[in-house]
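FYI, it's all coordinate maths here, none of it is from the lab. Just so you know, these numbers come straight off a predicted model, no measurement behind them. Cβ placement follows ideal geometry from the backbone for every residue including glycine, while neighbour counts extend to all protein chains displayed.
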Amino acid sequence: MKAEINLAIVHNESRSPSKIGNNPATIHYPYLFEEAGKFSRPSDIECNPKTMNSSKNYDIGDELFKDLEKASQNLPIDKDIRHIHSQYTVIDRFLSSRCLGIHHTLKLESDTLCVDQCGTVGLGRSLQLVNSCYKNDKAVLLTCADQWLEPYQRNISDTVGYCDSYGYLLLNRSELDQKRYPVIRRVHRFSHSDMSEPEGYHKLFNDFGCWLSNLLKYECQDVQVIIGDPYQSDYLGKIYDKFDKESEVIPPRKGHEGTVATLASIQEFISLKSDKRKSLIWSLSLSGEGYAFVIEKPKEI
Amino acid sequence: MKKPIGIIDAEYFLPGDAIDISTWGRVHGVEQKRIEALKRNGCRYFYDGTDYSDSSLVNESVARLWKKLPKSIKVEEIGLIVHARTQVFSIPAPPISILQNLKNTFQFQPDFDMSICQLACASVYKAMEIGIRYLENPDARPYVLVVTSDRVFGSASHRIRQSGGIQSDGAAAVLLGRKFLKSILVAPKFYFDSRLHRGPLYEDNSKLIAQTCWRDSANLIKEYLDLHPSIDKERLKVLPINADLTLWKIILKTLKMPESQLFSENIYRRGHACSNDFIINLSDIGLANLEKGNPVLSFGQSNLGVQGCLVNLPKTGKFCEVKREG
């Protein structure tokens, strides 16, 4: 799947724990998690539901509200903007408060929508939704947030360490803004349906690497910089070993920001001190879904 | 002229046999006074799927739907799958998701899929809106599958909603498209009062929800019907959520509609399976009414300040122009 997007990135923000201050909020597992747990806990984790009262002294959702409220004073966020929130899964907090809270905080007049169980590809899904269903909207606000509790963080740590993060992206379709700001030109989607192989995620990363390599060879030849999700090096090797083209690959960040990772990659490209203007940002979820975003900076940036 | 978008068929799965609140309540220590209050509010039976995961409930409902569909419909023709729910229980551990399990079971390969829930019992109407919008795209594949799942766990205090409803566990599925239609869909309309976003567990909200819910519901239905004046109000059948009979009688009175236009039997027979109620009621009574030429209005109320409604029109008879906001 390939979709022409052409949305200007008017503002992009992504934040990880080091930048988040403390507040008295305590995060708990969703209501009645213990009873539902037999269907929800990772099957390979031994844990006693009674001791699973993981808590943290901040709430990423609240931090996102506060940041957006502050930012909205300076950003061109219209009241009728479409808001789409996405997040990795549902384990970190009762979702309703988060998404409708943003609707309330920004005093939005139009609908708001939240997509969950996205793995790390929330931004790709949000853009697909915009492209398929809301093509006439002039502007869209995409938010992402993930907060991790034990044992999930631990469970996935043999593949990658996830970190708490939130971020948002204000996109605009206007031609003027497309000349002034970096633009998401295109989105390509990858889907790997067979996740049952005993070799774990190696085949997924291998297949994704082949797909990405072909994309660079046949459809995105003019890309100069590649930035992707910060998975551990043996998995990243499965991707980058396939490239036969000289593109600058930016080294992975230290922790994986969940759904916010794509925003962090975009931020990394925008703040890159280089004359390289065209980048390919990739994002792959362990669920088997992946995206590649072609992003272009205007000359004056 | 483009063919209209509508519902091809709908099916649901409520696990086990219907459970009588009178018997169950006594065993689970529910006060007799409360049981009587529930019965006065039209409630009696519900379904308990404690031994089922959300994934298994969804897969069973889709298997049942698939058996009913015209044989010429192929899995590869499903372009979009949207899952909607209210509760957060029993979602598979990441990176697996309910939709991942569904796609693997039935070999669906949609353009994309998503799970939405923050609009609680109104989420399914947002799923329907997304489905309609997807099918309006000329490049879209011909069918959209909308699935819902909801359940509760635990004691009676979680199973019973005040004195107005009993929670049921279950899942449901509906297929949308432009061929083999049993109805024509009118785009849904929503009402947002997001100051209630933290829900009824916050003290101030609970009172406000009780005071405003019925009025906001009546207003939304009125606005929706005003927006689509060609809908035949005299023949309209109203499918509520399967709870709060007293509240629904007030809503119909406010709208100056006779109670006979309200389908309340499933409050008694099925219980409130949250987001599933839309498809359950459509399947039990809605499609039969559409066959008779009656339009059907379905409604979803959440306790987070969001409400959604949608009309299905009979595929024959006066065609209603579908207006959409935004």
**Complete:** chain B: spread of alpha-carbon positions along the three principal axes, whole Å, largest first, is 58, 46, 37
**Asked** In nanometres, what is the gap between the two model label sites at A:Lys135 and A:Gln232, each 7 Å from Cα along Cα-to-Cβ?
**Response** 4.3
**Request:** Rounded to the nearest 0.05, what FRET efficiency do B:Lys71 and A:Glu248 give with R0 = 41 Å and r taken as the Cβ-Cβ distance? Could you check?
**Result:** 0.15
**Item:** Cβ-based charge dipole, the stretch B:99-238, positive-most Cα from B:Leu176, B:Cys117, B:Ala210
**Value:** B:Leu176
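How much net charge surrounds B:Arg85 when only the other residues with a Cβ under 11 Å from the Cβ of B:Arg85 are counted, with Lys and Arg +1 and Asp and Glu -1? It would help to have the intermediate numbers written out before the result.
Details: positive: B:Arg151; negative: A:Asp116, B:Asp54, B:Asp150.
Local charge sum for B:Arg85: -2.
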**Request:** Please find, in a Gaussian network model of chain B (springs between Cα atoms separated by less than 10 Å), the residue of B:Asn281, B:Asn104, B:Asn242 whose mean-square fluctuation is greatest.
**Result:** B:Asn104
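Per Stokes-Einstein, at 4 °C and 1.567 mPa s, what whole-number D in µm² s⁻¹ belongs to the protein assembly as shown, with the Kirkwood radius over Cα pairs as the hydrodynamic radius? Please list the in-between numbers first.
Working: Rh = 25.0 Å.
Calculated translational D: 52 µm²/s.
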**Prompt:** At a Förster radius of 41 Å, what calculated FRET efficiency corresponds to the Cβ-Cβ distance of B:Lys256 and B:Ser206, to the nearest 0.05?
**Reply:** 0.90
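Which ordering of A:Met1, B:Met128 is given by a fewest-first count of other beta-carbon atoms within 10 Å?
Working: A:Met1 12, B:Met128 27.
The order, fewest Cβ neighbours first, is A:Met1, B:Met128.
Quick one: length gained pulling B:Val27 to B:Arg215 fully straight, 0.36 nm per residue minus the C-alpha distance? Mind showing how you got there, number by number?
Numbers: separation 188, 0.36 × 188 = 67.68 nm, distance 3.68 nm.
Difference between extended and current length: 64.0 nm.
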**Fill in**
Treating every alpha carbon of the stretch B:73-161 as one equal point scatterer without solvent, the Debye formula yields log10 I(q)/I(0) values at q = 0.20, 0.23 Å⁻¹ of -0.96, -1.16
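If you restrict to DSSP beta bridges whose two residues both lie in the stretch B:184-313, what percentage is antiparallel, to the nearest 5? Numbers along the way, then the final one.
Working: 12 of 16 bridges.
Of the beta bridges lying entirely in the stretch B:184-313, close to 75 percent run antiparallel.
Where does the charge balance sit around A:Ile239 when Lys and Arg score +1, Asp and Glu -1, over other residues with C-beta under 11 Å from its C-beta? If you can, show how the numbers build up before the last one.
Working: positive: A:Lys238, A:Lys242; negative: A:Asp207, A:Asp229, A:Asp234, A:Asp241.
My count for the surroundings of A:Ile239 gives -2.
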**Asked** Where in the stretch B:140-157 does the amide nitrogen come within less than 15 Å of the point 7 Å from the Cα of B:Arg178, taken along Cα to Cβ?
**Response** B:140-144
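Let me know the mean shielding of A:123-136 by other chains, meaning the per-residue number of their Cβ atoms within 10 Å of its Cβ.
Numbers: counts 0, 1, 4, 1, 1, 5, 8, 0, 2, 12, 11, 3, 3, 1.
Whole-number average of other-chain Cβ neighbours for A:123-136 is 4.
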**Message:** So if I restrict to the alpha-carbon atoms in the stretch B:10-79, what is the Rg, and what is Dmax, the biggest pairwise distance, in Å?
**Reply:** 17.7, 53
**Message:** Please compute the contact order of the stretch B:6-177 in relative form: average sequence separation of alpha-carbon pairs under 8 Å and at least six residues apart, divided by the residue count, as a percent.
**Reply:** 36
**Message:** Restricting the calculation to Cα positions, tell me the Rg (one decimal) and the Dmax (whole number) of the stretch B:203-326 in Å.
**Reply:** 14.3, 49
**Message:** For B:Lys256, give me every one of the lysines with a C-alpha distance below 16 angstrom, ignoring sequence neighbours fewer than eight places off in its own chain.
**Reply:** B:Lys222, B:Lys233, B:Lys237
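Give me the mean projected area, in nm² to one decimal, of the convex hull enclosing the Cα positions of the stretch B:6-177.
Details: hull surface 42.5 nm².
For the stretch B:6-177, the mean projected area of the Cα convex hull comes to 10.6 nm².
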**Request:** Along Cα→Cβ, 7 Å out, is where each label goes; now give me the distance between the ones at B:Arg40 and B:Lys233 in nm to one decimal.
**Result:** 3.2
**Item:** Net +/- balance of residues flanking B:Asp20 in space, Cβ distance below 15 Å, scoring K and R +1, D and E -1
**Value:** +4
**Complete:** Plugging the Cβ-Cβ distance of A:Glu219 and A:Ala71 into 1/(1 + (r/R0)^6) at R0 = 30 Å yields, to the nearest 0.05, a FRET efficiency of 0.30
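Per-residue counts of other Cβ atoms within 10 Å, averaged by peptide: what ranking do you get for A:253-262, B:8-17, B:261-270, highest first? Before the final figure, lay out the partial values.
Working: A:253-262: 25.6, B:8-17: 21.0, B:261-270: 19.4.
Highest-to-lowest ranking by the protection proxy: A:253-262, B:8-17, B:261-270.
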**Asked** Over the C-alpha atoms of the stretch B:246-297, what are the Rg and the largest Cα-to-Cα span, Dmax, in Å?
**Response** 11.6, 29
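Kindly give the semi-axes, whole Å and largest first, of the ellipsoid equivalent to the stretch A:182-296, taking each as the square root of 5 times a Cα gyration tensor eigenvalue.
Numbers: eigenvalues 99, 47, 33 Å².
Equivalent ellipsoid of the stretch A:182-296: 22, 15, 13 Å, largest first.
Counting only DSSP beta bridges with both residues in the protein assembly as shown, tell me the antiparallel percent, nearest 5. Can you show the working numbers first?
Numbers: 67 of 98 bridges.
Roughly 70 percent of the DSSP beta bridges within the protein assembly as shown come out antiparallel.
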**Message:** I'm a student and want to see the number: the projected area of the Cα convex hull of the stretch B:187-256, averaged over all directions, in nm².
**Reply:** 5.5
**Prompt:** In the stretch B:163-203, how does Rg compare with the Kirkwood Rh, expressed as the Rg/Rh ratio over alpha carbon atoms?
**Reply:** 1.12
**Request:** Kindly flag which residue pairs out of A:Lys2/A:Lys278; A:Lys179/A:Lys273; A:Lys238/A:Lys273 have an alpha-carbon separation exceeding 21 Å in this structure.
**Result:** A:Lys238/A:Lys273
